[in-house]
Amino acid sequence: MKVLITGGKGLLGTSIVPVLRAHFDCAVYDIDEWDITSEDAGKKMFDLHRPDVLVNLAAMTDVDGCEDKTALAEKSNGEGPAVLAGLCTASQVKLVHISTDYVFDGEKNSPYTEDDEPHPQSVYGRTKLAGERKILERNINSAIIRTEWLYGRSGTSFVDKIVAIAKAQGHARVVNDQRGSPTYARDLALPVAKIIEKGLTGIYHVSNSGSCTWYDFAKAIFSILRMNVEVVPISSADLGSKAKRPSYSVFDLSKLRRDTGIEMRNWMDALDDYLANAP
C-alpha cells in the first residue's frame, strides 16, 4: 500500500515514519517541501506518487504563536486540510489527519469521548477544529486522530525543555492545574497503521493511558533520570501564556480499543521507555 505523508520531519513524523515504513511503501515530505494549502502542489504530488492513503502531519503547532499569527494558523490548520480532503476525494485516496485535545475547553471532569462537543478556547484549537470539520465535510473516507501532550526526539518537546531548564537553573516552575496524558509520539504509529489497514473512518482519540499534571510529569522525568531538582508547582495564571490551555484533556480510549484491539500503555511506562533509550 502506497502512503504519502506530509509534515514528515516534525516531532510526530520523525517518531512514527520509521515504524510506518515497516508496514507500507511511504513517500515522506516536510512542510518546506510541500505547501499543503496549494491545490496545484497537491495535484503534482498525487500525480507523482499515486497514493492509496495520505497521512497529514503538517500543521502550525506553536500554540502561543497562533495567537499572534491568526491568519497563518487559519491557513495552515484550516485551509490546508480542506485542500487535502478535496484532493483525496477526487482521487479516491483515504485521508488520515492528526488533530488535538485543544478542540475541547477542559471544563469536563471525566475523560473526553469522540462524541463530546468541541469548544476550543484558543486560536490553535479553533483552527484545528475548523480543519477537522472541513475534512469531514469533503471526504467521507477519512480518519481524524486527536492526540495530546506529545513528546519525542525533536529537542523541542516538554521533556527536552524541562530537562534543559533544570540543568541550567537547578530548579523548575511547572504548571499544576492542567491535567492530561503525556504521550510518546512513537506510540501513535501502531494506531495510525491499524486505522489504515482496517479502513477505519471517523474520529479517534489516541494517547498514552493514565493522566497527570505537568508538575507530576516533570517530577516523573527527574525521578527517572535521577536528577535532584526542586520542582515548584505554579498555576496557569502564574505562567502567563498567551493562549488558554484546557485544564482537563484526558481522553476516553475505549473506541480505539474496540475498533483496533490496541491497549495504549500507561504514560509512565512510555516515559520510562523513552528516557531509557535516549541518545
Any hit, segment 70-82, residues being over 19 Å from the mean Cα position of the chain (by Cα) and basic (Lys, Arg): no
Residue list for segment 86-103, filter: touching a helix residue (DSSP H, G or I) at 6+ places or on another chain (Cβ under 8 Å) and part of a loop (DSSP other than H, G, I, E, B): Val93
Given (1) at pLDDT below 95; (2) farther than 25 Å from Tyr151 by Cα, number of the condition Leu11 does not satisfy: (2)
Test result for Val93, under 19 Å from Val28 (Cβ atoms), surrounded by fewer than 24 Cβ atoms within 10 Å (Cβ to Cβ) and modelled with pLDDT of 95 or more: yes
Among the residues listed as Asp101, Asp105, Asp52, Asp30, the single one being within 25 Å of Ala193 (Cβ to Cβ) and touching a Pro at 6+ places or on another chain (Cβ under 9 Å): Asp101
Long-range neighbours under 9 Å by Cβ, at least six apart or interchain, first residue modelled with pLDDT under 95 and surrounded by fewer than 24 Cβ atoms within 10 Å (Cβ to Cβ) within segment 190-218, second assigned to a helix (DSSP H, G or I) and β-branched (Val, Ile, Thr): none
Only listed residue being under 30 Å from Thr89 (Cα atoms) and either within 14 Å of the chain's Cα centre (by Cα) or of a type outside the set (Val, Ile, Thr) (or both), chosen from Arg153, Arg126, Arg173: Arg126
Residue in segment 261-273 that is among the aliphatic types (A, V, I, L, M), closer than 30 Å to Ile5 by Cα, crowded, with 18+ Cβ neighbours inside 10 Å and in contact with an Asp or Glu (Cβ under 7 Å, 6 or more places away or on another chain) present: yes
Output for segment 133-144, where each listed residue is surrounded by 22 or more Cβ atoms within 10 Å (Cβ to Cβ), closer than 27 Å to Thr70 by Cβ and of a type outside the set (Val, Ile, Thr): Asn139, Ser142
Test: residue in segment 152-163 that is at pLDDT 95 or above, under 29 Å from Pro233 (Cα atoms), touching a Ser or Thr at 6+ places or on another chain (Cβ under 9 Å) and surrounded by fewer than 22 Cβ atoms within 10 Å (Cβ to Cβ): no
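The values are calculated or read from the model by the stated rules, or taken from the named source; none is laboratory data. The shown structure was predicted, so the numbers you read here are calculated from the model rather than taken from an experiment. Cβ coordinates were reconstructed from backbone atoms using ideal geometry, including for glycine residues, and neighbour counts include every protein chain displayed.
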